[in-house]
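Peer 1: Below you'll find the structure I mean.
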Amino acid sequence: MERRKVIIDCDPGIDDSLAIMLALKSEEIEVIGITIVCGNAPVEMGFGNAKKVLRQMGRLDVPIFVGEKRPVRREYVNALDTHGEDGLGESYLSEVDGYEQQMDAVDFMASVLKAEKVSVIALGPMTNLAVLIDRAMDAFLNIEELVSMGGTFKSHGNCSPVAEYNYWCDPDAAALVYDTMYENGKKIHMIGLDVTRKIVLTPTILEYICRLNPETGDFIRKITKFYFDFHWQWEHIIGCVINDPLTVAYFIDRNICQGFDSYVQIETQGISLGQSVVDSMNFYRKEANAKVMTEVDVLRFFRLFLSRILDVKPEELDILQDII
Ligand code: RIB
Ligand code: CA
């Protein structure tokens, strides 16, 4: 099987960390670099958290590059209320020293993409991608596939009635990315809240994880406890929505999600700032610039996610259909 080269642009972040774990354990993907963007956590904290995840996975060979420290225009608003004051569920894992790279995230993206086509899985605000467009449009247009966790079509927002955090945190960056995709006849894969909200890591699934692989389970339990408490407090959910791993899983197996092509714009001001406006009825008569995902096969996702991160065969996950 040919492994697909991927840059993971993220803001770790609890669910970003689970997504990185999945990507590193999937033979379909070669993670050639992880780029950090300000989002859930300030960018330096995100850098530190990414190192902790790579240490856990025994993969400190994967380079990490520090990206933009603030949105292109708006004031930066983090999501530490959701991810804990350390950005990793207040697990307070020991820091990994050193590991600084010589170039920043956007220069890394530009250097790689000027040389070859590589895909980008974007799991945070799109600030790094917007700066890449400004700094090296030719490199941005050489992205083989751009898959983004962000936005929402019919599901309510998580930062306002209509806006999802990644696009709300830096709406100008998201708008520039979607507009650039439109102007160049390309489509971004939008994995929004319509599908990610259905991916709930429950206490039962966590217990199952810990029994199948105690070491990995212990790490996941440590970084998700705060997230469970947050979801109960704010959304009265027993469990936690893990948005970002679905995005990686979709990159690997397109049958996990179904959706439709549509023209999408991102609102950059006013009460619906950050909203992904999906023109599903084609009012604007514009060519689609996005593949908007609306349905998800939850069991298919968890079978792929758990088998990879726990090193078990899918057929060994016999009770999964009873606990999803
Ligand atoms: O709205 C959810 C998204 O925002 C996820 O990617 C989460 O990690 C945060 O970045
Ligand atoms: Ca994220």
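Peer 1: Sequence neighbours fewer than 8 away in the same chain don't count; with that in mind, list the aspartates and glutamates whose C-alpha is under 12 Å from residue 5.
Peer 2: 27, 28, 30, 116, 144, 145
Peer 1: Taking only the alpha carbons of segment 149-296, what extent do you get along each of the three principal axes, in Å, biggest first?
Peer 2: Sorted from largest, the Cα extents of segment 149-296 read 52, 33, 23 Å.
Peer 1: Taking all pairs of different Cα atoms in segment 213-324, averaging 1/r and flipping that mean, what Kirkwood radius in angstroms comes out? Could the numbers behind the result be given before it?
Peer 2: On the way: mean 1/r = 0.0590 Å⁻¹.
Here the Kirkwood hydrodynamic radius works out to 16.9 Å.
Peer 1: Rank-order 164-170, 58-64, 288-294 by packing density, defined as the average count of other C-beta atoms within 10 Å over each peptide's residues, highest first.
Peer 2: On the way: 164-170: 29.3, 58-64: 15.0, 288-294: 23.0.
Those peptides, ordered most packed to least, come out 164-170, 288-294, 58-64.
Peer 1: Please report the Cα spread of segment 10-90 along all three principal axes, rounded to whole Å, starting with the longest.
Peer 2: For segment 10-90, the Cα extents along the three principal axes come out at 38, 26, 18 Å.
Peer 1: Next question, about the same structure. Quote the FRET efficiency, to the nearest 0.05, computed for residue 237 versus residue 138 with a Förster distance R0 of 45 Å and r equal to the Cβ-Cβ distance.
Peer 2: Numbers: r = 44 Å, r/R0 = 0.97.
Once rounded, the FRET efficiency stands at 0.55.
Peer 1: Quick one: net charge of residue 43's neighbours, Cβ under 12 Å, K/R +1, D/E -1? Spell out each step's value before the answer.
Peer 2: Values: positive: 69, 70; negative: 9, 11, 44, 68, 104.
The answer is -3.
Peer 1: Follow-up. Which lysines have a Cα less than 26 Å from the Cα of residue 198, not counting those fewer than 8 places away in the same chain?
Peer 2: 25, 154, 187, 222, 225, 291, 313
Peer 1: Okay, moving on. Output wanted: per-residue J couplings in Hz (rounded whole) for segment 294-302, from phi through Karplus 6.51 cos²θ - 1.76 cosθ + 1.60, θ = phi - 60°, x for Gly and Pro.
Peer 2: Karplus-based 3J(HN,Hα) across segment 294-302 equals 10, 10, 9, 8, 4, 5, 4, 4, 5 Hz.
Peer 1: Would you calculate a helix-derived [θ] at 222 nm for the chain, using -39,500 (n - 2.57) for each DSSP H run of n ≥ 4 and dividing by the full residue count, to the nearest 500? Provide the component values of the computation, followed by the final result.
Peer 2: Numbers: 14 runs with 135 residues, N = 324.
Estimated from H runs of four or more residues: -12000 deg cm²/dmol.
Peer 1: In nm, to one decimal, how far is the residue 261 label point from the residue 3 one, both placed 7 Å along Cα→Cβ?
Peer 2: Once both label points are built, they end up 3.2 nm from each other.
Peer 1: Show me 131-138, 101-108, 300-307 ranked by packing, highest mean number of other Cβ atoms within 10 Å first. Present the calculation step by step, with values, prior to reporting the outcome.
Peer 2: On the way: 131-138: 16.6, 101-108: 18.5, 300-307: 21.4.
Packing proxy ranking, top to bottom: 300-307, 101-108, 131-138.
Peer 1: Where a ≥ b ≥ c are the square roots of the eigenvalues of the C-alpha gyration tensor, would you call the chain rounded, which needs a/c under 1.5, or, failing that, prolate if a/b is larger than b/c, or oblate?
Peer 2: Values: a/c = 1.39, a/b = 1.22, b/c = 1.14.
The shape class here is rounded.
Peer 1: Pop out the ³J(HN,Hα) list for segment 251-260 in order, Karplus 6.51 cos²θ - 1.76 cosθ + 1.60 with θ = phi - 60°, rounded to Hz; leave Gly and Pro as x.
Peer 2: Karplus values, whole Hz, x for Gly and Pro: 4, 6, 9, 5, 6, 6, 10, 10, x, 8.
Peer 1: Scattering from the C-alpha atoms of segment 156-217 alone, worked out with Debye: what is log10 I(q)/I(0) at q = 0.16, 0.27, 0.28, 0.29 1/Å?
Peer 2: -0.72, -1.10, -1.13, -1.16
Bear in mind these aren't lab numbers, they're just calculated from the coordinates by the rules spelled out. Since we're looking at a predicted model, the values are computed, not measured. Positions of Cβ are backbone-derived with ideal geometry, glycine not excepted, and every protein chain shown enters the neighbour counts.
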